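We did not get these values from a lab; they are worked out from the coordinates using the rules stated. If you're wondering where the values come from, they're calculated on a predicted model, not measured in any experiment. Positions of Cβ are generated from backbone atoms using ideal geometry, with glycine treated the same way; all protein chains shown enter the neighbour counts.
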Amino acid sequence: MGLTVAEKIIAQHLTAGELRRGAPVAIRIDQTLTQDATGTMAYLQFEAMEIPQVKTDLSVSYVDHNTLQNDFMNMDDHRYLQTVAAKYGVKFSRPGNGICHQVHLERFGKPGTTLLGSDSHTPTGGGLGQIAIGAGGLDVACAMAGQPFYLTMPQIVKVHLTGQLPPFVAAKDIILEILRRLTVKGGAGKIIEYDGAGVKTLSVPERATIANMGAELGATTSVFPSDTVTREFLAAQNRAADWQEILADPDAVYDAEINIDLSALEPLAACPHMPDIVKKVAELADLKVDQALIGSCTNSSYKDLMTVAHMLRGRKIAAGISLGVAPGSKQVLEMIAQNGALADIIAAGARILESACGFCIGMGQAPNSGGVSVRTNNRNFQGRSGTKDAGIYLVSPETAAATALTGRLTDPRTLKIPPLHFTPPQQFKIDDSMALEPNPRTEIIRGPNIKPCPKRGPLTADLTGEVLLQTGDNITTDDIMPAGSKILPLRSNVPAIANFVFADLDPDFAARALEKKGGFIVGGENYGQGSSREHAALAPMYLGVKAVIAKSFARIHKANLINFGILPLTFANPADYARLTQGAELKIANISAALKENKNLTAESNGQKIALNYDLSARDKEILSAGGMLNFARRV
């Protein structure tokens, strides 16, 4: 029986377990990446492990999220990140070098390797034929310390692509179509692997767009084959030696298959407030738009911006709309500046934004009250933009550019603009001077806002307390731990950021949790979807949250809960969810014995007994018993 692309790479990195779907496995990690919103805590955790140097082949610390410097805090984090990276053997990508996923794709990603990143969109590297997985910062710190990454071997779903995209239909429309079919829960426990003749028609940046937004499916990762297209991209980046061919065997076995004829697709849009509420742009054509934003790790490549420049050349944006464009990297910005494309974009009336995450993470460019914003990024959760009552639509760069020209959500095929016949450059602009090399003699600089990572004691035999909050389905990590320019600078100060846990859903949550000395959270389906931000587990742990009981969990958030000693439990009978409302007294007894004997748990609430399940490996149980990964790591 043949192997898939994913299986071939995982088999080469297996350190424990067997290559069987559903089996617990551990894999060696070749590369790691962090970004500044998650990186400060990850490096504080790495320091606590007392390892003299990182043990990966390559680790890179990027600054791309917290680049709005309203006060000293973000800059202090950047100074800490630069000095701690130098001290421990990590490359440091300076502010202005670009978005981590775009830069890593250009300069560091390698086919056939494994990449673990403290950002949920790390699977972007799958566009190169890399097994690239998003995780919490503590898991990444452990990987930098030389520990393997533990996961359940996912199912593998083949997406078979045929045909070729018509003019003004883009890679973004492919992943939106998959989201329309599978939903934001459809990729849970799965790797999405792309195959078929249609793959050969897609450039590496187009493949990366699709792999990037596979995170919105809840997938473990997405991966493309490494073929001649990959080789040509790496050669143009002066990295031909990094290429190897990795193709699925003809008799590879998949758990499911999705067929998409690229020639039959048309422009699509994800409507507020979830990436899987997908409609045809043609059906939304009368919608007045206030803002269009092009960029983010999903759609800020050289190809994307050359396409936008072609559509805007010699034209002006509509009077009632604001257009912002953020190139994904210094490389992209420099190349479009030198060839005149940047001038075309500026002349059309666009505002040129920093090569950073910016608007995608809610760091500036908030829309007007009740406004409609059309964006090329990957998430449109309510309030993430900074304006709670705004409507955010996710589209391709082609659709965003057409919309900017008309002021209404516009199918770009309706404008009489000839399509761009884009040819990938034979040589990209190569300048790695913004990626600083390590220097172990560096002294680490810490600002006053940088506080140690809090810990909790070992898991007790019984857990008692109140249900602090009952949430609905598809609660995101944005809901749990909001982002934005006011809160993100507190990422290195857990006592301060903990005041904002569930702030948009329940402003009194943090005060109530402290007053009650902690308690329980009850959630619905897919609890914790979205960003990898471990603060959505770390800050609740600081507030005393002992367990989260949900109908189901998103993968990364569940792992983060375990890492910080919070017990993730599910209802044996989902109907029991309705019985655990806010304020209910709850007791879960004999936990240690039940975990040791693999017995399910029972919660007692107001004289009622509620059966609870858990899906925990033997290692997960040990981590929880120790009170979290930092305590566990000191034991082993």
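Please compute the modelled spin-label separation between Arg351 and Glu585, points set 7 Å along Cα→Cβ, answer in nm with one decimal.
5.5 nm
Relative to 2.2 N^0.38 Å, what does the C-alpha radius of gyration of the range 280-387 come to as a ratio? Two decimals please.
On the way: Rg = 13.6 Å, N = 108, 2.2 N^0.38 = 13.0 Å.
Rg over 2.2 N^0.38 Å, computed on Cα atoms: 1.04.
In whole Å, how far is the Cα centre of the range 154-224 from that of the range 108-129?
Each part's Cα centre sits 15 Å from the other's.
Just the number, please: percent antiparallel of the DSSP beta bridges in the chain, rounded to the nearest 5. Each step should come with its number before you reach the end.
On the way: 29 of 88 bridges.
Percent antiparallel among DSSP bridges in the chain is about 35.
Explain nothing, just the number: dipole magnitude of the chain about its Cα centre with +1 on each Lys and Arg Cβ and -1 on each Asp and Glu Cβ, in debye rounded to the nearest 20.
Values: 62 positive and 63 negative charges, 130 e Å.
For this selection, approximately 620 debye.
Looking at the range 1-104 from every direction and averaging, what is the projected area of its Cα convex hull in nm²? Walk me through the numbers before you get to the answer.
Details: hull surface 33.7 nm².
Averaging across all directions leaves 8.4 nm² for the Cα convex hull.
Taking a temperature of 37 °C and a viscosity of 0.692 mPa s, what whole-number D in µm²/s does Stokes-Einstein yield for the range 463-635 with Rh from Kirkwood over alpha carbon pairs? Each step should come with its number before you reach the end.
Numbers: Rh = 16.0 Å.
Using the Kirkwood radius from Cα pairs, D works out to 205 µm²/s.
Can you tell me what percent of all Cα-Cα pairs in the range 481-529 are more than 16 Å apart?
Working: 550 of 1176 pairs.
Every Cα pair in the range 481-529 considered, those over 16 Å come to 47 percent.
Just to check, using Stokes-Einstein with a Kirkwood Rh over alpha carbon pairs, what's the diffusion coefficient of the chain at 25 °C and 0.890 mPa s in µm²/s?
Working: Rh = 24.6 Å.
Here the translational diffusion coefficient equals 100 µm²/s.
Can you give me the Kirkwood hydrodynamic radius for the range 212-337, using every pair of distinct Cα atoms, in Å to one decimal? Don't skip to the end; give the middle numbers.
On the way: mean 1/r = 0.0543 Å⁻¹.
Result for the range 212-337, one decimal place: 18.4 Å.
Would you mind estimating how fast the range 5-264 diffuses translationally, via Stokes-Einstein at 10 °C and 1.306 mPa s with the Kirkwood radius over Cα pairs, in µm²/s? Numbers along the way, then the final one.
Values: Rh = 18.6 Å.
D, rounded to a whole number, is 85 µm²/s.
When the Cα centres of the range 575-623 and the range 510-529 are compared, how far apart do they sit, in Å?
Between the Cα centres of the range 575-623 and the range 510-529 lies a distance of 15 Å.
Take every Cα-Cα pair in the range 375-502 and report what % of them are more than 24 Å apart. Walk me through the intermediate numbers first.
Working: 5196 of 8128 pairs.
Result for the distance tail: 64 percent.
Can you work out the Karplus-derived ³J(HN,Hα) for every residue in the range 245-262? Use 6.51 cos²θ - 1.76 cosθ + 1.60 with θ = phi - 60°, whole Hz, and x for glycine or proline.
7, 9, 10, 5, 5, x, 9, 4, 10, 10, 7, 7, 9, 10, 10, 10, 8, 4
Note the per residue figure in Å³ for the convex hull of the C-alpha positions in the range 172-261. Let's see the in-between values first.
Numbers: hull volume 9.2 nm³, N = 90.
So the per-residue hull volume is 102 Å³.
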